[in-house]
Amino acid sequence: MIDKLIYYYSNYPTIRYSTVVLALVSLCAALLGVTLVLKRFSMIGDGLSHVAFGATSIATAASFTPMYIALPFTTVAAVLLLRRRVGAKIQGDSAIAMLSAGSLAFGYIVLNLFPSSSSNVSGDACSSLFGSASILGIKRSDVIICAILAISVLAVFIFFYNRIFAVTFDESFASATGTNAGFYNTLIAVITGIVIVTAMNMVGALLISALITFPALSAMRVFRTFKGVMICSACISVACSLIGTIVCLLASTPVGPTIAIANILAFGIFSLTGWITRGRTAKNTNQ
Amino acid sequence: MSLIKCEKLTLGYDGRAIVENLNFVVNAGNYLCIVGENGSGKSTLMKALLGLCKPISGSITFGDGLKKNGIGYLPQQTVVQRDFPASVYEVVLSGCLNSCGFSPFFAQKHRAMARKNMELLGITKLAGRCYRELSGGQQQRVLLARALCASSRLLLLDEPVTGLDPKITHDMYSLISKLNKSGITVIMISHDISAAAGNASHILHISHTPLFFGTSSDYLQSDIGKKFAAADVNGVAGVNGVGAETANRGTRK
Ligand SMILES: Nc1ncnc2c1ncn2[C@@H]1O[C@H](COP(=O)(O)OP(=O)(O)OP(=O)(O)O)[C@@H](O)[C@H]1O
Ligand SMILES: [Mg+2]
C-alpha cells in the first residue's frame, strides 16, 4: 500500500501538486465556512456553485478557460446574495434557490446546444457537478491558478481575522465603533465566490457545501471559542482532504465524494467527542 | 465646548419622521438619561448619534475632539446566534478594534485594556467561558466591558438593565454611576424613571416631539415628569399615547 503511494507520488508530479492544492482549497473553505455557517449562509455554497456551473458551461461552449468566466460571474452573484439588505422583497434562502435552479437549467441547456470538442455532454456535466473522476483528471494549469487563489484567500483571512470576528459576532456594534461592516461583508462575499470556483474545479459543484459546512460544524461540536473553532475546523478540513486524496489514489474512487465522506466521518467522530466531553463537564459542575 | 450638540434634529426611517425637532447638549461628565414610551424613537436617536442611521434633517456636532468611532455602545438587543462559539475574552477584546487603526492585530496594550475592564466588571473568572452559555446579567456585563474597551470617554447604553433581577439591576446602576464619577460621560436609555432620576444628571424625555430636556431635579418637578414618575410607580405603562407602536418591537432585528 505504502509502496503504491510512493510510486504514485514520485512518478506523477500532478498528483503532488493536486494534493497540495486540494489541502489549500479545503483550508480556505473551512475558514470561510465558520463565518458562513454562523451568518446562517450554509446553503450559499450550494447556490453559488450552480452559478459557477452555469458560467462554466458557457465557457466550455465558447471554448474559453472556464475559470475566467466562472470567477467574475460567481463573485458578482455572491456579492448580490450576501449583501442583500434585511427586509428585501425576496428572502435570502429563496433568492439562493432561484439563482441556483436557474443557473443549473441554463448551464445544462447551453452544454446540450453547444457541445464542446469532446462532444460528451453527460461527461462534461458530470465532471462539473461531481468533480474529476480521478485525481489525475485535475489539470496542471488549474492547479497553479488554484494555488494562487487559495494563498491569497488565506492571507486575507489571517490579516482580517479580528475584524471578521467582530462583524460576524455583532454587526451593529462593529459598525457603530467604526469598523466598515459593509466592506467586510463584501470581502467575505468575494472570498466566497473565489473559494467556490476554485473548489468546484477540484471536487465538483455539488460537493462544495461539504467542504464549507462540515469542518465548521464538526469543530463547533467540541470547541466553544471562535479561535478554537477556526483552528480546529482548518485542521479537520486539511486532514480530511489528505486522507481523502490517499484513499482515492489507493481505491481509485472519485476525489470530491471521497473527501466529502471523510468530512462526514469526521463530523461523526467530533459529535461523539463533544457529547462525551459535554456530558462529563456537566457532571463535574453538578458535583 | 460640549461633547455632543444636537440642533433641530429630526429622525426617522424612509423619510417618515419619528422624532422631530430635538435640541439638546451633552457636556463632558454628564449622565444623560433618555426616557419615553416604547416606539418613541429612543433607540433611533442613539443610532443616529452612532452614525448608524442618517438624520432626516438637523445636525449632530461632536466637540472636544470626540470621534464618531470613539463611542462605547451597548445595544438594546444583541442578536447572537444560539450556537455562536465566542469566549468572553474574545468578545471583550473585540471592543478594542477601533483603536487598532490599520494594524490587523491586537497589541499588548489592547489585551491589557480588555483584562482591566473585565476586572472592573467582575467577570475575570468568566474569561474562558462561552458567551452564549452565560446568564443574561453576565452577558450584559460582558457587553458593557466591550463598550468600555471601545471608549473611555463616552458610553451609550440602550436599556442596559432589561431582563435583570432587582439586585443585579441595582448593581448595574451603581456600576454605571461609578463609571460616570470616574469621568466617563454616559447616555442611557431607561424605562425606570425613579432610578433614572436618582442617578442621572440630566433627563431627555421624548415622544413624537421632545417633551422635556433638563436636569433630573427639574424633571421631577415638571408636569410631565410627575405624571411619568407616578405611572412608573403604579406600574402603568404609556402615559400619553403619542405614536406608541409597541407591536413593532418584536419584529425588529
Ligand atoms: N429599521 C427600521 N426601519 C423602519 N422603522 C423602524 C426601524 N427601527 C425602528 N423603526 C420604527 O421607529 C420607531 C422608533 O423605534 P425605536 O427603536 O427608536 O423605539 P424605542 O424608543 O427605542 O422603543 P423601545 O422602548 O421599545 O426600545 C418605531 O415606531 C419603530 O417601528
Ligand atoms: Mg429601544
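Just so it is clear, none of the values below were taken in a lab; they were calculated from the coordinates. These figures come from a predicted structure and were not determined experimentally. With ideal geometry, Cβ positions are generated from the backbone for all residues, glycine too; neighbour counts draw on all protein chains shown.
Annotations for the structure displayed:
- Mean residue ellipticity, 222 nm, helices only, the protein assembly as shown: the sum of -39500 (n - 2.57) across DSSP H runs of n ≥ 4, divided by residue count and rounded to 500, is -19500 deg cm²/dmol.
- Summed side-chain charge close to residue B:212 - residues other than residue B:212 whose Cβ falls under 13 Å, Lys, Arg +1, Asp, Glu -1: 0
- Of B:185, B:78, B:162, the residue with the greatest mean-square motion in the GNM of chain B, using alpha carbon springs below 10 Å, is B:78.
- Rounded, prolate or oblate (a/c below 1.5 giving rounded, otherwise prolate when a/b exceeds b/c) for the protein assembly as shown by Cα gyration tensor: prolate
- For the stretch B:189-225 versus the stretch A:13-68, the spacing of their alpha-carbon centroids is 57 Å.
- Cα gyration tensor category, rounded, prolate or oblate, for chain B with a/c compared to 1.5: prolate
- For the stretch B:5-107, projected area of the alpha-carbon convex hull averaged over all directions, nm²: 9.1
- For residue B:38 and residue B:1, a Förster radius of 35 Å and the Cβ-Cβ distance give a FRET efficiency of 0.55, rounded to the nearest 0.05.
- A convex hull fitted to the Cα coordinates of chain A yields 142 cubic angstrom per residue.
- Structural size metrics of the stretch A:142-269, computed from C-alpha coordinates, are Rg and Dmax of 16.0, 54 Å.
- Given charges at beta-carbon only (K, R positive; D, E negative), |dipole| of chain B in Debye: 820
- Gap separating the Cα centres of the stretch A:170-230 and the stretch B:93-150, nearest whole Å: 23
- ³J(HN,Hα) computed for each position of the stretch B:65-73 - Karplus, 6.51 cos²θ - 1.76 cosθ + 1.60, integer Hz, glycine/proline x: x, 7, 9, 4, 8, x, 10, x, 9
- Summed residue charge, Cβ within 12 Å of residue A:177's Cβ, Lys/Arg positive, Asp/Glu negative: +2
- Selection from A:72, A:103, A:160 lying farthest towards where the dipole of chain A points positive, charges on Cβ: A:160
- Net length gained if the chain between residue A:231 and residue A:159 were fully extended (0.36 nm per residue, minus Cα distance): 24.4 nm
- The stretch A:2-286 - charge dipole about Cα centre, Lys and Arg +1 at Cβ, Asp and Glu -1, debye rounded to 20: 740
- Volume per residue of the C-alpha convex hull in the stretch A:5-113, rounded to whole Å³: 130
- Cα centre as origin, Lys/Arg/Asp/Glu Cβ charges: the protein assembly as shown dipole, Debye: 880
- Förster radius 41 Å - calculated FRET efficiency between residue A:42 and residue B:215 (Cβ-Cβ, nearest 0.05): 0.20
- Using a Förster distance of 51 Å, the FRET efficiency for residue A:126-residue B:53 (Cβ separation, nearest 0.05): 0.50
- Among A:122, A:217, A:150 - extreme Cα towards positive end, dipole of the stretch A:2-286, charges at beta-carbon: A:217
- Relative exposure of B:154, A:272, judged by other C-beta atoms within 10 Å (fewest first): A:272, B:154
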